[in-house]
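So the structure is just underneath, and the comments pick up after that.
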Amino acid sequence: MSQYEAVESEKKWQQKWKEWEIYKFDPCSPKPVFSIDNPPRYTSGSLHLGHATGYSLIDFAARYKRMRGHNVFFPLCFDVNGTPTEIKVEKKHGITKLNTPRQEYVRLCSEFANSFIDEMTKQFEMLGESMDPTIYYQTDAPYYRRITQITFLRLLEKGIVYKGTFPVNWCPSCTTALADAEVEYSDNITKLNYIKFKIKGTDEDVLIATTRPELLSACQLVAVSPEDESKADLVGKELITPIYGKAIKVIADDKVDPSYGTGVVMICTIGDKTDLEWVMKYNLPMDRAIDEQGRLTSLTGKYEGMTVKEGKQAIIEDLKASGLLVRQEDTKQNVGRCWRCHHPIEYLQMPQWFLKTMDYKDQILKLADEVEWHPGFMKVRLQDWVNSLQWDWVISRQRYFATPIPVWECEECGKVVPAEESQCYVDPTVDRPPVDECPDCGGRLVGCTDVFDTWMDSSISALYNTFWERDDEKFKRLYPMSMRPQSHDIIRTWAFYSLLRCYLMTGERPWDHIMIHGFIMAPDGTPMHSSIGNVIDPLPILEEYGADAMRYYACTCALGEDNAFREKDVIHGKRLCNKLWNIGKFTGMVVKEKPEMKGIQPMDRWILSKFSRVVRNATAYYEAYQFDRAMREIEDFAWHEYADHYLEMVKHRTREGDDGVRFTLYTVTLGIAKMLAPLMPHVTEDIYQENFLNLDGARSIHVSSWPEEVLISEEDEKKGDLIKEVISSIRAWKAEKGFPLNREIELIELIGPSAMELKGYESDIVETSRAKSLKMVVEADLEDEVVALKPIKSAIGPTFKQKGKEIMDLLASLDPAQAGPAVEKGELTLTLGDGSSVTLDKRYVEVQRKLTLEGKAVDTLQVRDILIAVSP
RNA sequence: GGGCUCAUGGUCUAGUGGUUAUGACGUCUCCCUCACACGGAGGAGGUCGCCGGUUCGAAUCCGGCUGAGCCCACCA
């Protein structure tokens, strides 16, 4: 068998890992803890490629830290609350929250969401994710919701959460309040309607442009710009609204753009965010033209009961018929929409629960500075969001499938009676209040029917993970967590709310590091959306190429950047697996017992030094969460230095009892496998188990020790590189001549002073290039000629600065045959335009030679300053 | 409108001041050499988006422009 069978092997090791429980977090271990505030995966069905990539990136960090001797906390977890599930369940069963009893509705949602958990867990396993099921949690479980409720009760006691009646974002389709973070915007073309308003007490008209004529009945005020002289006489007058005949005052306000529409704005309760500002500023009455379900109210008269869309159409028809609609034109509009159902949002004033955010902006920014961001530029996103906040966070939702708000309210006086902490988890729509009646007025207590925004749950994952309120000792040891991984789209939600909530409960940051990964795009670079139908399912990829190949793709994605899916990289990953596996096999054939470091030869020192450098660099990349760089560093070395050159050069040594080559093969192959183990856990485990198990001693490569530097020697690397280049040039020469690479050649002669430095490497050159004999000489018996002088810019520039260009121009004009020997003796003196002179030697100029001789059939090759004569 | 990221051979990509710009895929030639043909050796293929500036020297630093993606704001 000469092929690595990925799919088969992966299944085998996944099964073993499960048996061995190698991912288990040990709360009693003295080892340092590395804890990951893993994103609880939303139970919306199977994973798509973006999730697979994201979780792989997290797993890289987890596995790396485990091998560095950390006690890794990496929980398997799921997020089960919320609207997305509700929407899917409503579609599936054809229900709404209005026509289904609450408990039944919740049961259906819970059943639906939980039905995915087993399958999703299996998918994580197939990807090789090293999440620990012994510290499992899901956000809808009583043990988790209990913590959410307790944090709320504490904040309520401190006055940080409060109930208030303010206009909020409202989704008429989901019939619930939404936080600003849950509103997304999309471009839209709509009609701008020019409508005649009568000026009260005259026959004159004023034209007002509006996109929302259906709100005419809730028109409270008309505004013009104070800059606009042509409208100045209107200020202070009253206008009469069409259809409703209501008298409306005209005022001047800075916010009005005199050039848009007619420069006259009608302010309604409430059309958009600017209306909202005006409502606050002028303290306008909160007449409602639209109800919770997005239908027009009785305020609109005969339009009552119509949807916003129908009402708009009807009122436009009526205005047209009575000649009040002068004209319509298209206008671009950015409509706020519900993040999940995409229905346009309205602003409605409703009693809601709020959590104070405006008071804590500075603290959040300070906390954000304490956390180390990977990559650093992502911190700006959070800062921008915090600075742009204008309202407190609406935390109540008029939905069912989420954590209930643990309060009861008095029917008579409205007094709020919170649950006792000991009662939590509690559902006030089912459970009894802590007291039988209102302590103030004796009225009946009614359970709160609102639930929390689901970010109330997920924003305390760091508290839940660290046993906050469950085990003080563990909490002290585990908080703050080491790292929060997440994608950039939820910086303004998950990252922000987590910082806020954890700060409010502990006064400290929730984590030391935050790692932000980008999005995976479709192959053409457009975002994946189920509505476009370009979502990529990772399962067929896993089945065809294996998880390690898929993970190889994942680690070519630099942190924080969006990446189009490149199947080619997956295929390449599969090839790399095969290459590594064969390197392992080759090593296993040679190395049968654990070798000691002895009998090391020059080329061994060369590769060991390069290897040690790779250990150093790759480790630094891992520490900085730069997995793409770590992979490149290790792969380049493993494939194109170690396999292509070192292994080829030492094959002739493996037959004899050569200690040096055994030690080197053992050290480097094992080291490569270990360094790649976090990224490609299956194939590296296979290599380990097959070739190193009894030699290295750990049960699994994933709990083995990280490789160490053996030696670093610039001298050995330089010489080895030179040998490599000599051998390569001979190979290239064979290829050019059309010879097979294993063809024997008569003679290789290395000519030049530098050639003498290669003493000790003769056998490597001879064996690898199949030469019958090899000579090294300082001066050739043959005639040679200098053919070119090459300025070494990196030496000339820093030394001669602005004279550099002139020197290089002069060099180019010289006759190489004459100037070459002068350079070699260090006697080439040039006179510059300003009368000064400079002397150049080999540090500044490379002398290129060519053999010219008659008679003998010899080809010449040049490697740096060594001339190679080859006799076929 | 603001912010962030990006622009490099046909495609994807590395590269934050210094010899001839990296690698992969594809393509062409050669080689089944006893770890690997999912391999190896070699070749062809690039005005490093455009315009200025700084510098002895710019793919790299600065400014402007063009285009793409993401985030945010937003006009009734």
Once the Cα atoms of helix A:659-676 and of chain A are each reduced to a long axis, what angle between those two axes, in degrees from 0 to 90 to the nearest 10, is obtained? 10
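So, by mean Cβ neighbours within 10 angstrom, what's the order for A:170-183, A:819-832 with the highest one leading?
Numbers: A:170-183: 22.2, A:819-832: 15.9.
Packing order, densest peptide first, comes out as A:170-183, A:819-832.
What FRET efficiency, computed as 1/(1 + (r/R0)^6) with R0 = 22 Å and r the Cβ-Cβ distance, is obtained for A:V380 and A:M358, rounded to the nearest 0.05?
Values: r = 21 Å, r/R0 = 0.94.
Approximately 0.60, to the nearest 0.05.
Could you quote the convex hull projected area for region A:611-754, Cα atoms only and averaged over all directions, in nm²?
Working: hull surface 45.2 nm².
Its Cα hull, projected and averaged over all orientations, spans 11.3 nm².
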With the cut-off at 21 Å, report for region A:412-540 the share of all Cα pairs above it, as a whole percent. 62
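Which value results for Rg/Rh of region A:245-389 when Rg is the Cα radius of gyration and Rh the Kirkwood radius based on the inverse mean 1/r?
Details: Rg = 20.4 Å, Rh = 19.2 Å.
Result for region A:245-389 is an Rg/Rh of 1.06.
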With a cut-off of 8 Å between alpha carbons and a minimum separation of six or more residues, what is the relative contact order of chain A in percent? 12
With Rg from the Cα atoms and Rh as the Kirkwood inverse mean 1/r over Cα pairs, region A:441-488 has an Rg/Rh of 1.23
What is the list of residues in region A:336-358 whose amide nitrogen lies under 11 Å from a point 7 angstrom out from the Cα of A:F166, following Cα to Cβ? A:352-358
Packing-ranked peptide list from A:741-753, A:75-87, highest mean Cβ count within 10 angstrom first, is A:75-87, A:741-753
As I understand it, the dipole of region A:628-690 uses +1 on the Cβ of Lys and Arg and -1 on the Cβ of Asp and Glu, about the Cα centre. Which of A:M631, A:G660, A:M675 lies farthest toward its positive end? A:G660
Measure off 7 Å from each Cα along the Cα-to-Cβ vector at A:L693 and A:R566, then give the distance between these two points in nanometres to one decimal. 3.7
Which whole-number value in Å³ per residue fits the convex hull of the alpha carbons of chain A? 244
Please report, in whole Å, how far the alpha carbons of region A:551-679 spread along each principal axis, starting with the longest. 51, 27, 22
Please work out the ratio of the alpha-carbon Rg of region A:178-295 to 2.2 N^0.38 Å and round it to two decimals. 1.08
With axes computed from alpha carbons, what is the tilt in degrees of helix A:273-282 against the longest principal axis of chain A, rounded to the nearest 10 within 0 to 90? 50
Percentage relative contact order, region A:1-151, counting C-alpha pairs under 8 Å, at least six apart: 35
Against the longest principal axis of chain A, how steep is helix A:361-370, in degrees 0 to 90 to the nearest 10, with axes from Cα atoms? 10
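Convex hull volume of the Cα atoms in region A:680-755, per residue, in Å³?
Details: hull volume 14.5 nm³, N = 76.
Each residue corresponds to 190 Å³ of Cα convex hull volume.
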Quick one: P(r) of region A:501-594 from all Cα-Cα pairs, 5 Å bins, percents rounded to integers, in order of increasing distance. 3, 11, 14, 15, 13, 10, 10, 9, 8, 4, 2, 1, 0
Please list, short to long, the whole-number percent of alpha-carbon pairs of region A:710-803 in consecutive 10 angstrom bins beginning at zero. 13, 34, 32, 16, 5, 0
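Taking each pair of distinct Cα atoms in region A:376-457 once, what is the resulting Kirkwood hydrodynamic radius in Å?
Values: mean 1/r = 0.0678 Å⁻¹.
Kirkwood radius, region A:376-457: 14.8 Å.
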For region A:112-215, just the Cα atoms, rotate onto the principal axes and tell me the three extents in Å, largest first. 79, 42, 21
Of every Cα-Cα pair in region A:261-306, the percentage lying beyond 17 Å is 43
Shape descriptors of region A:765-833 over alpha-carbon atoms, Rg and Dmax in angstrom, are 17.2, 54
With a point put 7 Å past each Cα toward its Cβ, work out how far A:T526 is from A:E111 in nm, to one decimal. 3.8
Label-point separation in nm, A:E623 to A:K775, each point 7 Å along Cα→Cβ: 5.2
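Computed from the coordinates by the stated procedures, all read-outs in this text should not be read as laboratory data. No experiment lies behind these values; they were computed from the predicted model shown. When we count neighbours, we look across all protein chains shown, and the Cβ atoms used for this are built from the backbone with ideal geometry, even at glycine.
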